[in-house]
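Reviewing the structure listed below.
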Amino acid sequence: MDLTPYIMLFVVLDPIGIIPYYQSIIRRVPREERAHVLRQALAAALAMLLAFALLGEYLFDILGVTLSDFQIAAGLILLIYAVSAIFEIHIGATSQGESLAIFPLATPLLAGPGSITTLIYIKYKYGLLTAILSSTVNIIVAYPILASSTLLMRVMGRHGALFIDKFMSMILAGFAVSIIREGIQGAGLLH
């Protein structure tokens, strides 16, 4: 069995790298609801990945949306989120756990343009079954990583966690801009 598609998707989903984002988001949720919100986020991310594996390219074709269009839109949303996190600006009408589970946890942090693009690539190179299995396995692996993230953040301390949160928000902003740039290049608007 070729593990390449599983590893490739794990690197892009990056559950370890999103721990500081996850922690900064989940702290808005009452402690007793956090496990439920994590399960919702992972289930929603898996559903989104599977939907794109099964229907993504057809939906894009029907709507006339290119992958570049999707990258630009997702990059803009991610950039807005990163800037709001840097300046601690609350966006959105609610910060309830269910809402946070879908946005920004399930998407764009887990099932974002990078993972969706990677999944579509895996589907073309390795087949639909491998795309489905690699999505499922990676979401299952992400659960214990994110569920134990509080312990890791405790080890770093409050100031360390705050530093990592702001630093990762800056990295996220840069990542968002790179997604937008790739989308613009893919659309042939920038050479």
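The values are calculated or read from the model by the stated rules, or taken from the named source; none is laboratory data. What you are looking at is a predicted structure, and each value in this text was computed from that prediction instead of being measured. Using ideal geometry, Cβ is built from the backbone for each residue, glycine included, and neighbour counts are taken over all protein chains shown.
Annotations for the structure displayed:
- Exactly one residue out of Gly75, Gly56, Gly64 is closer than 30 Å to Gly160 by Cα and small (Gly, Ala, Ser): that is Gly75.
- Condition check for Glu32: modelled with pLDDT of 85 or more and either out of contact with any strand residue (DSSP E or B) (no Cβ under 9 Å at 6 or more places or on another chain) or surrounded by fewer than 20 Cβ atoms within 10 Å (Cβ to Cβ) (or both): yes
- Counting only helices (runs of 4 or more DSSP H) that fall entirely inside region 73-190 and contain at least 3 residues that are surrounded by 15 or more Cβ atoms within 10 Å (Cβ to Cβ) and polar (S, T, N, Q), the qualifying elements are 113-126, 128-147, 149-186.
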